[in-house]
Amino acid sequence: AVDKFGNYSEVKEFILAVDSEYPVIGQSKFVQNEVTENIAANAIFKKNTNNGFTLSGSVTDSVKLENVTVSGSVDGADAVDFLNITVPEANKNSYTWEKAFVTGSENSSAENYLKDGTWTITLSVKDGSLHESKKNFTLIIDTTAPVVSITNTDEYINSSANKFTGTAEDDSGAV
(Lines give C-alpha, C1' and ligand atoms only; values in the text may rest on other atoms or scores of the structure.)
Protein backbone atom coordinates (compact mmCIF):
# COMPACT_ATOMS: atom_id res chain seq x y z
CA ALA A 1 0.00 0.00 0.00
CA VAL A 2 1.19 3.54 -0.79
CA ASP A 3 -0.05 6.70 0.93
CA LYS A 4 -0.32 10.16 -0.75
CA PHE A 5 3.27 10.99 0.27
CA GLY A 6 4.67 7.91 -1.46
CA ASN A 7 5.30 5.92 1.71
CA TYR A 8 5.07 2.24 1.03
CA SER A 9 4.13 -0.56 3.41
CA GLU A 10 3.83 -4.24 2.79
CA VAL A 11 0.33 -5.73 2.72
CA LYS A 12 -0.20 -8.11 5.62
CA GLU A 13 -2.96 -10.61 6.11
CA PHE A 14 -4.33 -11.80 9.41
CA ILE A 15 -7.23 -13.86 10.63
CA LEU A 16 -9.78 -12.23 12.87
CA ALA A 17 -11.94 -14.53 14.99
CA VAL A 18 -15.29 -13.13 16.04
CA ASP A 19 -16.43 -14.66 19.31
CA SER A 20 -19.97 -13.79 20.29
CA GLU A 21 -20.71 -16.99 22.21
CA TYR A 22 -20.13 -17.77 25.87
CA PRO A 23 -18.19 -20.86 26.97
CA VAL A 24 -20.30 -23.91 27.77
CA ILE A 25 -20.10 -25.65 31.13
CA GLY A 26 -20.68 -29.35 30.56
CA GLN A 27 -21.73 -31.96 33.08
CA SER A 28 -20.11 -31.62 36.50
CA LYS A 29 -19.72 -34.68 38.70
CA PHE A 30 -19.42 -35.63 42.38
CA VAL A 31 -17.44 -38.86 42.89
CA GLN A 32 -17.18 -40.70 46.21
CA ASN A 33 -16.28 -44.34 46.84
CA GLU A 34 -16.35 -45.05 43.08
CA VAL A 35 -19.96 -43.80 42.83
CA THR A 36 -20.51 -40.92 40.40
CA GLU A 37 -23.42 -38.47 40.60
CA ASN A 38 -24.13 -35.71 38.09
CA ILE A 39 -24.43 -32.21 39.51
CA ALA A 40 -27.18 -29.99 38.12
CA ALA A 41 -26.90 -26.20 38.35
CA ASN A 42 -28.14 -24.92 41.72
CA ALA A 43 -28.31 -28.50 43.08
CA ILE A 44 -28.03 -29.19 46.79
CA PHE A 45 -25.88 -32.17 47.82
CA LYS A 46 -25.87 -33.37 51.41
CA LYS A 47 -23.12 -35.92 51.85
CA ASN A 48 -21.43 -37.88 54.59
CA THR A 49 -18.00 -37.21 53.19
CA ASN A 50 -15.76 -38.95 55.72
CA ASN A 51 -13.74 -40.54 52.93
CA GLY A 52 -13.31 -37.38 50.89
CA PHE A 53 -14.59 -36.89 47.37
CA THR A 54 -13.72 -35.55 43.91
CA LEU A 55 -15.43 -32.86 41.86
CA SER A 56 -14.90 -32.87 38.10
CA GLY A 57 -16.39 -31.55 34.90
CA SER A 58 -15.84 -30.33 31.38
CA VAL A 59 -15.98 -26.98 29.60
CA THR A 60 -15.98 -26.08 25.90
CA ASP A 61 -15.76 -22.98 23.73
CA SER A 62 -16.08 -22.49 19.99
CA VAL A 63 -13.00 -20.24 19.76
CA LYS A 64 -10.65 -20.42 22.76
CA LEU A 65 -10.94 -21.31 26.45
CA GLU A 66 -8.83 -19.09 28.68
CA ASN A 67 -9.34 -19.92 32.36
CA VAL A 68 -11.22 -22.39 34.61
CA THR A 69 -11.81 -21.58 38.29
CA VAL A 70 -13.52 -23.67 40.97
CA SER A 71 -14.11 -21.75 44.18
CA GLY A 72 -16.11 -22.19 47.34
CA SER A 73 -17.28 -20.45 50.46
CA VAL A 74 -18.57 -22.02 53.63
CA ASP A 75 -21.45 -20.63 55.69
CA GLY A 76 -21.25 -17.22 53.97
CA ALA A 77 -17.50 -16.62 54.42
CA ASP A 78 -15.32 -15.17 51.64
CA ALA A 79 -14.77 -17.49 48.67
CA VAL A 80 -11.51 -19.39 48.25
CA ASP A 81 -10.17 -20.65 44.91
CA PHE A 82 -9.69 -24.42 44.94
CA LEU A 83 -8.63 -24.62 41.33
CA ASN A 84 -7.49 -21.82 39.03
CA ILE A 85 -6.11 -23.06 35.72
CA THR A 86 -5.04 -21.26 32.58
CA VAL A 87 -6.22 -23.68 29.90
CA PRO A 88 -3.29 -25.06 27.87
CA GLU A 89 -3.21 -24.09 24.19
CA ALA A 90 -3.59 -27.77 23.24
CA ASN A 91 -6.99 -27.80 24.98
CA LYS A 92 -8.26 -24.47 23.69
CA ASN A 93 -11.71 -25.76 22.68
CA SER A 94 -12.36 -28.45 25.28
CA TYR A 95 -11.00 -28.99 28.79
CA THR A 96 -11.74 -31.47 31.59
CA TRP A 97 -10.99 -30.45 35.17
CA GLU A 98 -10.83 -32.46 38.39
CA LYS A 99 -10.15 -31.68 42.05
CA ALA A 100 -9.98 -34.10 45.00
CA PHE A 101 -10.98 -32.97 48.50
CA VAL A 102 -10.54 -34.42 51.98
CA THR A 103 -12.83 -33.93 54.97
CA GLY A 104 -12.83 -34.81 58.68
CA SER A 105 -10.93 -32.99 61.41
CA GLU A 106 -7.94 -35.33 61.09
CA ASN A 107 -7.29 -33.78 57.65
CA SER A 108 -7.70 -30.14 58.67
CA SER A 109 -4.11 -29.22 57.79
CA ALA A 110 -4.37 -30.56 54.22
CA GLU A 111 -4.36 -28.05 51.35
CA ASN A 112 -7.54 -29.58 49.90
CA TYR A 113 -9.44 -29.86 53.22
CA LEU A 114 -13.11 -28.80 53.44
CA LYS A 115 -14.58 -28.40 56.90
CA ASP A 116 -18.13 -29.30 57.90
CA GLY A 117 -20.70 -26.76 56.84
CA THR A 118 -22.80 -25.52 53.94
CA TRP A 119 -20.51 -24.79 50.99
CA THR A 120 -21.45 -22.75 47.94
CA ILE A 121 -19.32 -24.10 45.09
CA THR A 122 -18.89 -21.96 41.96
CA LEU A 123 -17.44 -23.13 38.64
CA SER A 124 -16.41 -20.24 36.42
CA VAL A 125 -14.96 -20.44 32.90
CA LYS A 126 -13.71 -17.56 30.71
CA ASP A 127 -12.93 -17.63 27.03
CA GLY A 128 -10.37 -15.59 25.07
CA SER A 129 -12.92 -12.78 24.60
CA LEU A 130 -13.46 -12.68 28.37
CA HIS A 131 -17.00 -14.03 28.14
CA GLU A 132 -17.70 -15.78 31.44
CA SER A 133 -20.09 -18.61 32.29
CA LYS A 134 -20.81 -19.74 35.87
CA LYS A 135 -22.49 -22.67 37.57
CA ASN A 136 -23.26 -22.82 41.30
CA PHE A 137 -24.32 -25.63 43.58
CA THR A 138 -24.52 -26.22 47.32
CA LEU A 139 -22.61 -28.97 49.09
CA ILE A 140 -23.42 -29.69 52.73
CA ILE A 141 -20.53 -31.50 54.40
CA ASP A 142 -21.38 -33.37 57.58
CA THR A 143 -18.73 -35.70 59.00
CA THR A 144 -20.02 -35.62 62.59
CA ALA A 145 -22.16 -38.54 63.73
CA PRO A 146 -25.38 -37.69 65.61
CA VAL A 147 -25.36 -38.07 69.38
CA VAL A 148 -27.77 -40.75 70.59
CA SER A 149 -28.63 -41.30 74.23
CA ILE A 150 -30.99 -43.86 75.78
CA THR A 151 -32.57 -43.25 79.14
CA ASN A 152 -34.00 -46.07 81.25
CA THR A 153 -35.07 -45.72 84.85
CA ASP A 154 -34.18 -49.33 85.75
CA GLU A 155 -30.55 -50.30 86.11
CA TYR A 156 -31.22 -53.97 85.30
CA ILE A 157 -33.78 -55.39 82.94
CA ASN A 158 -35.45 -58.75 83.49
CA SER A 159 -38.60 -58.51 81.42
CA SER A 160 -39.77 -58.90 77.84
CA ALA A 161 -41.84 -55.68 78.02
CA ASN A 162 -39.51 -52.73 78.57
CA LYS A 163 -39.88 -49.11 77.68
CA PHE A 164 -36.89 -47.06 76.61
CA THR A 165 -36.77 -43.35 75.95
CA GLY A 166 -34.02 -41.41 74.30
CA THR A 167 -32.91 -38.48 72.21
CA ALA A 168 -30.91 -37.97 69.05
CA GLU A 169 -29.14 -34.71 68.18
CA ASP A 170 -27.14 -33.63 65.16
CA ASP A 171 -25.47 -30.27 64.59
CA SER A 172 -26.75 -30.21 61.02
CA GLY A 173 -30.37 -30.57 62.19
CA ALA A 174 -30.91 -33.58 59.94
CA VAL A 175 -32.01 -36.13 62.55
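How charged is the neighbourhood of Val148? Take every other residue with its Cβ under 10 Å from the Cβ of Val148, and add Lys/Arg as +1 and Asp/Glu as -1. Show your work: numbers first, answer last.
Working: positive: none; negative: Glu169, Asp170.
Once positives and negatives cancel, what remains is -2.
The packing ranking of peptides 134-145, 7-18, highest mean first, is 134-145, 7-18, where packing means the average number of other beta carbon atoms within 10 angstrom of each residue.
Here the average projected area of the convex hull drawn through the C-alpha atoms of the chain stands at 17.8 nm². A 1.4 Å probe run over the chain, with the rest of the protein chains in place, finds 67 Å² accessible per residue.
In whole percent, what relative contact order does the range 70-132 give with Cα contacts below 8 Å and a gap of six or more residues?
Values: 62 pairs, mean separation 23.2, N = 63.
Relative contact order for the range 70-132 comes out at 37 percent.
The values are calculated or read from the model by the stated rules, or taken from the named source; none is laboratory data. Nothing here was measured: the structure is a model prediction, and the numbers come from that model. A quick note on method: Cβ atoms are made from the backbone with ideal geometry, for glycine too, and the neighbour counts reach across all protein chains shown. Each accessible area value is taken on the protein alone, full model and side chains, heavy atoms only, with ligands, DNA and RNA left out. Shrake-Rupley method; radii C 1.70, N 1.55, O 1.52, S 1.80 Å.
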